[in-house]
Every structure is written in structure tokens, then in C-alpha cells.
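Read the figures in this text as sums done on the coordinates, not as results from a lab. Please read all numbers here as calculations on a predicted model, not as lab measurements. We place every Cβ from the backbone using ideal geometry, glycine too, and count neighbours over all the protein chains shown.
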């Protein structure tokens with residue numbers, strides 16, 4: 001799998017540390033998120049869309065699904081780029 005970082009936008013808002021747009025082979029996907037909770041290792045979340053459940057609570061729906069192996073490769077590449085930006 002070819003992974004190219006198209007755009008990395010650092011941000012600090014709560015646990016959110018940045019947004020990343022990627023090109024996976026020939027497909028561009030926007031809106032991956034870098035998350036870092038206090039005292040924990042940072043991780044990468046696939047793009048999500050918020051929605052309200054029946055009780056009015058906000059939940060999140062993953063826009064794409066990726067295999068565990070692909071997720072690990074994406075995380076490795078994104079965090080390496082993010083760490084070089086800090």
C-alpha cells in the first residue's frame with residue numbers, strides 16, 4: 001500500500017492534535033485525526049461523522065473501514081510526519 005501525506009494541520013483542542021489528508025494508492029481521503037490523551041501514546045482515527053442517537057447523545061460513525069495492517073501503516077506514517085512537525 002502506498003501512503004502519501006497530502007496535508008497535515010497541527011491543532012491543539014482537547015485531545016485533538018491535528019488533521020491529516022492522505023492518499024492511499026489512488027484514493028485521497030481527508031480528515032484523519034491525530035489524538036493524544038494525557039499520559040497515553042498518540043493514535044490516528046479514521047474520518048468520522050457525528051450523529052445523535054435516540055436519546056440525543058452525540059455518537060460518531062467511521063466513514064471508512066481499514067484493515068488492522070493498513071491502520072498500523074497509516075498510523076506509523078502519520079505519527080512520524082506529525083512528530084517531525086513538533
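A few comments on the model shown:
- Choice from 14, 31, 56 with maximal GNM fluctuation in the chain (Cα, 10 Å cutoff): 56
- Sorted into 5 angstrom bins from 0, the C-alpha pair distances of the chain split as 3, 13, 24, 25, 17, 11, 5, 2, 0 percent.
- Taking 11 Å as the cut-off, the amide N atoms of the stretch 7-29 that come nearer than this to a point 7 Å along the Cα-to-beta-carbon line of residue 63 belong to 20-22, 28-29.
- C-alpha long axis of helix 68-85 to longest principal axis of the chain, angle in °: 70 degrees
- Most mobile of 36, 68, 17 in a GNM of the chain (Cα contacts under 10 Å): 68
- Note on residue 73 and residue 55: the model spin-label points, each 7 Å out from Cα along the C-beta direction, lie 4.0 nm apart.
- When you restrict to C-alpha pairs under 8 Å that are six or more residues apart and normalise by the size of the chain, the relative contact order lands at 20 percent.
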